[in-house]
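A.B. asks: Below is the structure I would like to discuss, written out as structure tokens.
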């Protein structure tokens, strides 16, 4: 039996491209996960791994849709191999029914992992540079120009904390923090 596995990273993405491929390849049963590949809990993948049996063929669009990293790819394909299940990755044209396909699987998997690690490394370097240049200082603080006026109304019990936060356009948690800071600074011994 041809069994397919489809994965997209976010709910906003759609599976149409992978679904068309599965139909074109004559896949009889498809399991679909809609979550990040870095997530170790992929329920549909687990169901598929439990379902397949000797003589079946698992088809994926790309091994990046199937595994999180090289170790995951090798573990999954080894499990399939032990069950007597063939693995085919369409994009990379990998078929594990022979030794050449298994070798190519390991080479492509290692290259994909290297690429991902390189991307993460460059991303971290870019963030460090931006922080050093003062471009990443966290979320900008909201302007609270009329805090004292709103605070007086709150102190006089004319408005609630929720209303004070709403008037200033800030969250209630920010309101309470500002009140605490204000009382500590302005009211002696508070």
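A.B. asks: Test of understanding: what is the full-extension gain from residue 131 to residue 47, defined as 0.36 nm times their sequence separation minus their Cα-Cα distance? Could you put the intermediate results ahead of the total?
C.D. replies: Numbers: separation 84, 0.36 × 84 = 30.24 nm, distance 4.37 nm.
Using 0.36 nm per residue and subtracting the Cα-Cα distance, I get 25.9 nm.
A.B. asks: On alpha-carbon atoms, Rg over Rh for the stretch 80-120 using Kirkwood Rh? Each step should come with its number before you reach the end.
C.D. replies: On the way: Rg = 11.8 Å, Rh = 11.0 Å.
We get a ratio of 1.07 for the stretch 80-120.
A.B. asks: What are the radius of gyration and Dmax of the stretch 62-140, computed over its Cα atoms and given in Å?
C.D. replies: Radius of gyration, then largest Cα-Cα span, for the stretch 62-140: 18.1, 57 Å.
A.B. asks: Next up: Sort 136, 57, 22 so the one with the fewest other Cβ atoms within 10 Å of its own Cβ comes first. Before the final figure, lay out the partial values.
C.D. replies: Working: 136 12, 57 20, 22 24.
Ordered by Cβ neighbours within 10 Å, fewest first: 136, 57, 22.
A.B. asks: By counting other Cβ atoms within 10 Å of each Cβ, how are 105, 25 ranked from fewest to most? Write down the numbers at each step before the final one.
C.D. replies: Working: 105 21, 25 14.
Lowest count first: 25, 105.
A.B. asks: Over all distinct alpha-carbon pairs, what is the Kirkwood Rh of the stretch 147-186 in angstrom? Spell out each step's value before the answer.
C.D. replies: Details: mean 1/r = 0.1019 Å⁻¹.
When all Cα pairs of the stretch 147-186 are included, the Kirkwood radius is 9.8 Å.
A.B. asks: Continuing with this model, one more query. For a quick protection proxy, order the peptides 162-168, 121-127 by their average other-Cβ count within 10 Å, most packed first.
C.D. replies: Details: 162-168: 16.9, 121-127: 10.4.
Ranked from most to least packed, the peptides come out as 162-168, 121-127.
A.B. asks: Here is a further query. Whole angstrom only: what separates the Cα centroid of the stretch 1-34 from the Cα centroid of the stretch 70-113?
C.D. replies: Distance between centres, Cα-based: 18 Å.
A.B. asks: Tell me, what is the FRET efficiency for residue 13 and residue 157 to the nearest 0.05, using R0 = 45 angstrom and their Cβ-Cβ distance as r?
C.D. replies: On the way: r = 51 Å, r/R0 = 1.13.
Once rounded, the FRET efficiency stands at 0.30.
A.B. asks: Right, next: The stretch 6-105: D in µm²/s via Stokes-Einstein (Kirkwood Rh, Cα pairs, 37 °C, 0.692 mPa s)?
C.D. replies: 240
A.B. asks: For a quick check, take a GNM of the chain with Cα springs below 10 Å and name the residue from 32, 77, 174 with the largest mean-square fluctuation.
C.D. replies: Largest GNM mean-square fluctuation: 174.
A.B. asks: Another question, then. For the stretch 7-61, state the average projected area of the convex hull of the C-alpha atoms over all orientations, rounded to one decimal in nm².
C.D. replies: Numbers: hull surface 16.0 nm².
If I average the Cα hull's projected area over directions, I get 4.0 nm².
A.B. asks: According to the Kirkwood expression over distinct Cα-Cα pairs, how big is the hydrodynamic radius of the chain, in Å? Could the numbers behind the result be given before it?
C.D. replies: Details: mean 1/r = 0.0474 Å⁻¹.
Result for the chain, one decimal place: 21.1 Å.
A.B. asks: Using helices alone, I'd like the mean residue ellipticity at 222 nm for the chain: each DSSP H run of four-plus residues gives -39500 (n - 2.57), total over residue count, nearest 500.
C.D. replies: -17000 deg cm²/dmol, from helical runs alone.
A.B. asks: How do 34, 91 line up, fewest other C-beta atoms within 10 Å first? Don't skip to the end; give the middle numbers.
C.D. replies: Values: 34 16, 91 13.
Ranked by crowding around the Cβ, least crowded first: 91, 34.
Throughout, read-outs are computed from the coordinates displayed, never taken from laboratory work. What you see is a predicted model, and the numbers here were worked out from it, not measured in a lab. As a convention, Cβ positions derive from the backbone with ideal geometry for all residues, glycine included, and neighbour counts pool all protein chains shown.
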